[in-house]
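Shown next, in structure tokens, is the structure this report addresses.
The values are calculated or read from the model by the stated rules, or taken from the named source; none is laboratory data. Small disclaimer: the values here were computed from a predicted structure and weren't measured. Methodologically, a virtual Cβ is constructed for each residue, glycine included, from the backbone with ideal geometry; neighbour enumeration extends over all protein chains shown. To get the accessible areas, we keep the full protein, side chains included, count just its heavy atoms, and leave off ligands, DNA and RNA. Shrake-Rupley method; radii C 1.70, N 1.55, O 1.52, S 1.80 Å.
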Amino acid sequence: KLVPAHRPYDLQAPAPASRTFWNHYETGLLVQLWLEFEPQFQANKRNAGVWAQLAQRLTERSGRHRTVRECRIKWKNMWAKHRDLINASHMSADAKLREFPHFAEFSAIRQRTTLHQQPHAN
């Protein structure tokens, strides 16, 4: 019986048994790499291959293996955090930055993509 080849960006791959912790360096690197790959993300509706490249680069630069699934989940969770903070009208801009250090980057991405699709993990 032939087993199909596993693609590194296969979203049907089993999820890790436990949650993984992202340190500040890895999180910042994920944001930085997404910004480097932003043109590819914006140009490709189906962007699993772009996520695979990003995860590979993240692994190379951080020294810690990160799967496509982990990267996409982290990215999606950061967008949720950003959205929650936008809706938190009782918080000052400084408080939002303390709560989410990448708030400014996500706000800039959101402004650039208002006319395009939202940059969520599609």
Problem - Candidates per trypsin sites (Lys or Arg not before Pro) in segment 28-89, loop by DSSP, up to 10 other Cβ within 10 Å - result: LYS45, ARG46
Handout entry: Surrounding net charge for LEU33, when Lys and Arg each add one and Asp and Glu each subtract one, Cβ distance under 11 Å
Key = -1
Exercise for the section: List, in order, the whole-Hz ³J(HN,Hα) value for each residue of segment 66-75 obtained from phi through the Karplus relation with A = 6.51, B = -1.76, C = 1.60 and θ = phi - 60°; use x for Gly and Pro. Expected result: 10, 7, 4, 4, 4, 5, 5, 5, 4, 4
Practice task
Enter the accessible area of ASP94 (Å², nearest 10), with the probe set to 1.4 Å and all protein chains included.
Solution key: 100 Å²
